[in-house]
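For reference, the structure is listed below as structure tokens.
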Amino acid sequence: MDHNTIIFKTGEATVLAREGQFTDAMPEILIGSVDGPVGHAFANMMGQTAGHTRMFAIRACNQQVRPATLMVPKVTMKSMAYVDLFGGTVQAATADAVLDCVIEGILPRDQVNDLCIVSLVWIDPRCATDPNLDHKDLYRTNYEATKLAIQRALNDEPGIDELIANRNSIRHDMYDPDA
């Protein structure tokens, strides 16, 4: 096997919303070879599940990005407004981030047809009903977080030394052991 082959890389990132928005982005990324475990998972996820519509990341109609990227919602979609955000603003942000990762050399251009990406996407359900939703902020957070998650995946970040060093100083944002 070629030592440059990407078999199974994971990454995640969180980019916070601007004040007054629910547009935090927290993609979890899986990148790997189309003929490996990631490719098999990718193909198996092509079927639809009620409330969890999956779709390719496209920049526009007839403009699917490479590597092929499958977007999977982390939250059950319960309205067309939510589906529109997933298949509109967030899909555009995800696709642009993937393509820019190729342009910037984060993803290897010579492997774009040999790799695939599964992106688990978080959209706060409150976005779908927020009359003051800032689509530019929703785009920004998802674009930045997707790029960062891809970069972290390919760099194996955080590394085990960092995780061990921070074991007792960093706590989960949504868990307070003293509460």
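Please specify each residue of the stretch 126-179 satisfying the condition of being among the hydroxyl-bearing types (S, T, Y) and over 22 Å from the mean Cα position of the chain (by Cα). Answer for the stretch 126-179, where residues must be among the hydroxyl-bearing types (S, T, Y) and over 22 Å from the mean Cα position of the chain (by Cα): T129, S169, Y175. Quick check, is V121 closer than 22 Å to M46 by Cβ, under 12 Å from the mean Cα position of the chain (by Cα) and touching a residue at least 24 places away in the same chain (Cβ under 8 Å)? In short, yes.
Within 12 Å of the chain's Cα centre (by Cα) and either under 25 Å from A17 (Cα atoms) or surrounded by 11 or more Cβ atoms within 10 Å (Cβ to Cβ) (or both): does that describe V112?
Details: within 12 Å of the chain's Cα centre (by Cα): no; either under 25 Å from A17 (Cα atoms) or surrounded by 11 or more Cβ atoms within 10 Å (Cβ to Cβ) (or both): yes.
When the stated conditions are applied, V112 does not pass them.
Every read-out reported here was derived from the displayed coordinates using simple, explicitly stated rules and does not represent laboratory data. As the structure is a computational prediction, the values presented were derived from the model and not from experiment. Note that we place each Cβ from the backbone using ideal geometry, even for glycine, and neighbour counts take in every protein chain shown.
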